[in-house]
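The values are calculated or read from the model by the stated rules, or taken from the named source; none is laboratory data. As the structure is a computational prediction, the values presented were derived from the model and not from experiment. Cβ: placed from backbone, ideal geometry, glycine included. Neighbour counts: every protein chain shown. Side chains included, ligands, DNA and RNA excluded: accessible areas come from the protein's heavy atoms. Shrake-Rupley method; radii C 1.70, N 1.55, O 1.52, S 1.80 Å.
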Amino acid sequence: QVQLVESGGGLVQTGGSLRLSCKASGYFYSINDMAWHRQAPGKQRELVASMARGGVTNYDDSVKGRFTISRDSAKNTVYLQMNSLKPEDTAVYYCKVGVVTPNYDRLDYWGKGTLVTVSS
């Protein structure tokens, strides 16, 4: 099995910064792509940022210029650097990682989520 452990959430003031981490553990050959999603109170889950294997990134318009998705392949870890945080960024953030298994299958895995709260 593959497990994703998220960390870095917390409480910050408007304009502050947080860095979320998502570490993949288990048996797999490689990570193909990864993404961060979030679900705000009373809202539907939405895609925040994604990165393909070749490094092409995609961001929701609401976070462009403020958030940056990155990876450390040696550590099997995906990051989301969040700057200039706004109260509307308050949500549970979920990591999603697509991996290639030892059987050459491509599977997606989800983390349990980490809470980000931005106060005004």
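Taken together, the residues in region 50-71 that are touching a Lys or Arg at 6+ places or on another chain (Cβ under 9 Å) and either open to solvent by less than 20 Å² (accessible area, probe 1.4 Å) or more than 19 Å from residue 116 (Cα to Cα) (or both) amount to 2.
Report yes if some residue within region 94-113 is farther than 24 Å from residue 27 by Cβ and open to solvent by 50 Å² or more (accessible area, probe 1.4 Å); otherwise report no. Can you show your working first?
First, the residues of region 94-113 that are farther than 24 Å from residue 27 by Cβ: none.
Taking every residue of region 94-113 in turn, none turns out to be farther than 24 Å from residue 27 by Cβ and open to solvent by 50 Å² or more (accessible area, probe 1.4 Å).
Of all residues in region 1-21, how many are assigned to a strand (DSSP E or B), out of contact with any Cys (no Cβ under 7 Å at 6 or more places or on another chain) and of a type outside the set (Val, Ile, Thr)? Selection size over region 1-21: 9. A Cβ distance below 8 Å, combined with a sequence gap of six or more or placement on separate chains, defines the contacts here; from region 35-47, residues that are within 20 Å of residue 64 (Cα to Cα) reach residues that are open to solvent by 90 Å² or more (accessible area, probe 1.4 Å) in the pairs 37/45; 38/45; 39/45; 40/88.
Just give me the residues in region 22-41 being assigned to a strand (DSSP E or B) and either crowded, with 18+ Cβ neighbours inside 10 Å or not polar (S, T, N, Q) (or both), in sequence order. Result: 22, 23, 24, 26, 31, 33, 34, 35, 36, 37, 38.
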